[in-house]
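S.K.: Quick one: structure below, then a few questions.
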Amino acid sequence: MTELLSRTTHLRRLALPLVAIALAGLLQACAAAVATGGATAVSAAADERGIGGVVSDADIRAGIARRYFERQVDDLYRPVHIQVNQGRVLLTGRVSTQSWKSEAVSIARGVPGVTQVMDEIRVVGEGDLGDYARDTWLTTKVRAALLADKTVNSFNYNIEVSGAVVYLIGLAASDAEHARAVEIARGISGVKRVVSYVEVKRPGAGA
């Protein structure tokens with residue numbers, strides 16, 4: 001009996017640190033989730049669309065991505081990039097055939113809430129898929145430059161880069177802010193040109 005009690009006490013001592021570690025991990029995960037959610041809420045609140053507009057656009061983007069995934073992972077879901085702002089959809093990226101390009105546009109137009117589709121998808125050959133690393137790097141540089149400029153609210157702009165061409169879509173606070181955002185993007189080394197689908201929020205327009 002004494003030996004049994006001794007073993008039980010020993011097991012409890014071993015278990016307590018494991019429980020503590022598990023609880024610490026759980027608390028850390030919860031804290032990260034709260035922090036991420038808070039950051040998302042702050043970003044949405046800072047966006048000219050407002051929280052409701054950001055959430056609606058996210059739903060549309062998810063709907064398009066889901067349909068691409070269900071239709072063809074390698075030919076649509078992976079190569080086509082989707083940006084949505086106020087129901088306006090910008091499609092960029094590279095596909096191997098004109099038929100996939102047409103289907104990508106058709107699928108996007110069929111998703112509820114979509115008001116317009118801007119097709120900037122490029123058809124390229126099998127061995128000409130472009131420099132993905134370069135485009136990713138340019139996207140990072142443009143985003144950082146917009147964030148660093150005090151006259152531009154970077155939350156108002158979604159950025160895509162394809163073939164070293166920068167595509168902007170969003171809702172600018174003013175004509176001056178829009179012009180400055182385009183100027184910044186054009187000034188990034190390696191950018192070939194800038195295509196803007198940004199709209200400007202007019203006085204009295206709701207969020």
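The values are calculated or read from the model by the stated rules, or taken from the named source; none is laboratory data. Every value quoted in this text rests on a predicted model; they were computed, and no experiment measured them. A quick note on method: Cβ atoms are made from the backbone with ideal geometry, for glycine too, and the neighbour counts reach across all protein chains shown. When the accessible area is computed, the model is the full protein with side chains, heavy atoms only, and any ligands, DNA or RNA have been set aside. Shrake-Rupley method; radii C 1.70, N 1.55, O 1.52, S 1.80 Å.
S.K.: Only one of these is touching a Gly at 6+ places or on another chain (Cβ under 7 Å) and open to solvent by 50 Å² or more (accessible area, probe 1.4 Å): Thr115, Thr136. Name it.
M.R.: Step by step, each of Thr115, Thr136 is checked, and only Thr115 is touching a Gly at 6+ places or on another chain (Cβ under 7 Å) and open to solvent by 50 Å² or more (accessible area, probe 1.4 Å).
S.K.: Same structure again: Would you be able to say whether some residue in the stretch 70-83 is at pLDDT below 95 and β-branched (Val, Ile, Thr)?
M.R.: yes
S.K.: Still on this model: So Ala144 fits all but one of (1) assigned to a helix (DSSP H, G or I); (2) in contact with a helix residue (DSSP H, G or I) (Cβ under 7 Å, 6 or more places away or on another chain); what number is the exception?
M.R.: Condition (2) is where Ala144 drops out.
S.K.: Still on this structure, please answer the following. Given the condition outside any helix (DSSP H, G or I), surrounded by 14 or more Cβ atoms within 10 Å (Cβ to Cβ) and at positive phi, answer yes or no: does some residue in the stretch 69-81 qualify?
M.R.: No, the stretch 69-81 contains no residue that is outside any helix (DSSP H, G or I), surrounded by 14 or more Cβ atoms within 10 Å (Cβ to Cβ) and at positive phi.
S.K.: If you don't mind, there's one more thing I want to ask. Considering only residues that are basic (Lys, Arg) and within 11 Å of Val152 (Cβ to Cβ), which ones fall in the stretch 169-205?
M.R.: Within the stretch 169-205, Arg180 is the sole residue that qualifies.
S.K.: Please name all residue pairs, on different chains or six or more residues apart, with Cβ atoms under 8 Å, provided the first residue is in the stretch 133-153 and is under 19 Å from Gly93 (Cβ atoms) and the second residue is surrounded by 12 or more Cβ atoms within 10 Å (Cβ to Cβ) and of a type in the set (Ser, Thr, Tyr).
M.R.: Hits for this filter: Asp135/Ser162; Arg143/Ser154.
S.K.: Quick one: which residue in Ser174, Ser189 is open to solvent by 40 Å² or more (accessible area, probe 1.4 Å), more than 22 Å from Pro203 (Cβ to Cβ) and among the polar types (S, T, N, Q)?
M.R.: The conditions single out Ser189.
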